[in-house]
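The values are calculated or read from the model by the stated rules, or taken from the named source; none is laboratory data. Just so it is clear, the model here is predicted, and its values are computed rather than measured. Cβ coordinates were reconstructed from backbone atoms using ideal geometry, including for glycine residues, and neighbour counts include every protein chain displayed. Accessible surface is based on the protein model in full, side chains and every heavy atom, while ligands, DNA and RNA are left aside. Shrake-Rupley method; radii C 1.70, N 1.55, O 1.52, S 1.80 Å.
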2 protein chains.
Amino acid sequence: VLLNDAADRLCVVLVAARNPLNIGAAARAIGNFGFSRLRVVNPYKVPFREARSAVGASGVLLKAAEFNDVADAIADCNLVIGTTALQHRNPQHPTKRLEEGVRLIRRLPSSSKVALLFGSEKIGLTNQDLSHCHWLIRIPTQEKHPSMNLGQAVAICLYELVRNSRIPIAARQPDLASSAETERLTEMLLQALVISGYMNSAPATSMKMKVRRLVKRLHLPPDDIDTWLGMIRQFSWKMSQVEK
Amino acid sequence: VLLNDAADRLCVVLVAARNPLNIGAAARAIGNFGFSRLRVVNPYKVPFREARSAVGASGVLLKAAEFNDVADAIADCNLVIGTTALQHRNPQHPTKRLEEGVRLIRRLPSSSKVALLFGSEKIGLTNQDLSHCHWLIRIPTQEKHPSMNLGQAVAICLYELVRNSRIPIAARQPDLASSAETERLTEMLLQALVISGYMNSAPATSMKMKVRRLVKRLHLPPDDIDTWLGMIRQFSWKMSQVEK
């Protein structure tokens, strides 16, 4: 896991991004995942500093460094990684899946500085930009729909850097009844609870929600739903005989 | 790995999203990662069908189903998972990290339909929305900057579903009520079933076993046992008034 103190070694470099909203969204993702360094290479002088899409990460935007070309932006970095939506067959651009690329980043010495380059919304990184990269990473999108939104692509790359690859898992999950079926049971149980005097004749919404959650937590298998419905129905019928 | 034919089992449900650009961005991520089903629960009638942010995924937007409430949107789903930026300490909302939650989704039977719920940009999912969820997943954002952009959050969840992961080894069982406690509930349920006339006054052993298994399959959390005991006890008391 890339720890917080190591997160300072990585900078996100946006090359020729045109939409300030995307630059703000990239800053937001940088803040979300504990990174802080944003660099913008932009000949167009996009007014991104105030982008509202940064939300809680306006500090990242304010601190962002501006450069006129890629070479300057990555001058202090040891490893430069480009991002691409394409399967580059060209051996000049060795391309790894994001998961594999991040594994390599994690194994770097703690002194290494890493630049992660993202190209413009329309065309991505140019061949000129790519020439600065050691290798490329590709987010595993569908071949039919490879091109991602810039802010989403930045978020996914940073998420992969902080995600835990060794989370324990629970045992095999059984199949569950549909929500429509569990809702029927919730309704029938509420009805029975009212008839029994367990709750008021007009239970508050909060009480209904409480009962719904109680039923959801049962994780009812599909085959049991009818049995429970039948039992609660019988209870209600029997209880309704009291008044007669 | 959730394969393409299985991707049809998962739908993304956006509850009360206000910004059409975010709905379009969610559609784009759905297309990027090979999913197709988008459902929108929206009282505001947001004009999202033409959102340009969908880019290559306008088909996903056009096919998106609209619902007036969450219950309808998830009626056919077996497992309903909410998303949250918060660490819910409340046991009413069991929260798993995204990585762990996705492993559970991957282990579901292939017939299971899964709904992944995302709340509005401002407030996320309400308590009413959450009551429809079996459990919640949390993207591992920083505690200081937990709240993600909606389109980015959708993209990361879907990416996690398609990313490469090894077959998990360690298994962790959820906490369950003790056998003694479930047995008490079994006894009390049997008693209620007899009083109600649902079964004979001297149920056969095979019937008792059937009811015990039924209760076991509930996988009751320890904190819920007392609630169920209280409800069934109340039903029995009410039904016993009939003879008087």
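Under the 0.36 nm per residue contour assumption, what length would be gained going from the current alpha-carbon distance of residue B:69 and residue B:187 to full extension? Don't skip to the end; give the middle numbers.
On the way: separation 118, 0.36 × 118 = 42.48 nm, distance 3.85 nm.
Length difference between fully extended and current span is 38.6 nm.
Quote the FRET efficiency, to the nearest 0.05, computed for residue A:194 versus residue B:126 with a Förster distance R0 of 30 Å and r equal to the Cβ-Cβ distance.
Working from the Cβ atoms, E equals 0.75.
If you line up the long axis of helix B:225-240 against the longest principal axis of chain B, both from Cα atoms, how many degrees apart are they, to the nearest 10?
In chain B, helix B:225-240 runs at an angle near 50 degrees to the longest axis.
Tell me what the protein assembly as shown gives for mean residue ellipticity at 222 nm when only DSSP H runs of n ≥ 4 count, each as -39,500 (n - 2.57), the sum divided by the residue total, rounded to 500 deg cm²/dmol. Walk me through the intermediate numbers first.
Values: 19 runs with 197 residues, N = 488.
It comes out at -12000 deg cm²/dmol, rounded to the nearest 500.
What is the dipole size for segment B:3-49, taken about its Cα centre, with +1 at each Lys and Arg Cβ and -1 at each Asp and Glu Cβ, in debye to the nearest 20?
Dipole about the Cα centre, nearest 20: 220 debye.
For the protein assembly as shown, build the charge dipole from Cβ charges (+1 Lys, Arg; -1 Asp, Glu) around the Cα centre, then report which of B:71, A:200, B:203 sits farthest towards its positive end.
Value computed over the given set: B:203.
Against the 2.2 N^0.38 Å scaling, with N counting residues, where does segment A:32-87 land? I'd like the Cα-based Rg ratio to two decimal places.
1.28
When Rg is the radius of gyration of the Cα atoms in chain A and Rh is its Kirkwood radius, what does Rg/Rh come to?
A ratio of 1.24.
Quote the relative contact order of segment A:58-115 in percent (integer), defining contacts as alpha-carbon pairs under 8 Å separated by 6+ residues.
Numbers: 25 pairs, mean separation 27.6, N = 58.
Over segment A:58-115, the number comes to 48 percent.
For a Förster distance of 25 Å, can you work out the FRET efficiency between the beta-carbons of residue A:240 and residue B:229, rounded to the nearest 0.05?
0.65
Can you give the net charge of the other residues whose Cβ lies under 10 Å from the Cβ of residue A:41, counting K and R as +1 and D and E as -1? Show your work: numbers first, answer last.
Details: positive: A:39; negative: A:66, A:69, A:72, A:129.
Surrounding charge for residue A:41 is -3.
Just how large is the dipole of segment A:93-167 about the Cα centre, in debye to the nearest 20, putting +1 at every Lys and Arg Cβ and -1 at every Asp and Glu Cβ?
Dipole size: approximately 300 debye.
Note the direction-averaged projected area, equal to a quarter of the hull surface, for the Cα convex hull of the protein assembly as shown, in nm².
On the way: hull surface 100.4 nm².
Mean orientational projected area (the protein assembly as shown, Cα hull): 25.1 nm².
Going by a ≥ b ≥ c, the root eigenvalues of the Cα gyration tensor, does segment B:99-232 fall in the rounded group (a/c under 1.5), the prolate group (a/b larger than b/c) or the oblate group?
prolate
Which order do the peptides A:58-71, A:198-211, B:100-113, A:16-29 come out in when sorted by mean C-beta neighbours inside 10 angstrom, highest first?
Result, highest mean first: A:16-29, B:100-113, A:58-71, A:198-211.
Hey, what angle do you get for helix A:179-196 against the long axis of chain A, alpha-carbon based, 0 to 90 degrees rounded to 10?
That works out to roughly 40 degrees.
Send over a whole-number figure in Å² for the accessible area per residue of chain A, probe 1.4 Å.
45 Å²
Please name whichever of A:119, A:31, A:60 sits farthest to the positive end of the charge dipole of segment A:21-144, dipole taken about the Cα centre and charges placed at Cβ: Lys and Arg +1, Asp and Glu -1.
About the Cα centre, the residue reaching furthest to the positive side is A:31.
What's the whole-number percent of alpha carbon pairs in segment A:22-161 lying beyond 25 angstrom?
Roughly 22 percent, rounded to a whole number.
Determine the share of chain A's accessible area contributed by carbon and sulfur atoms, expressed in whole percent, with a 1.4 angstrom probe.
50 percent
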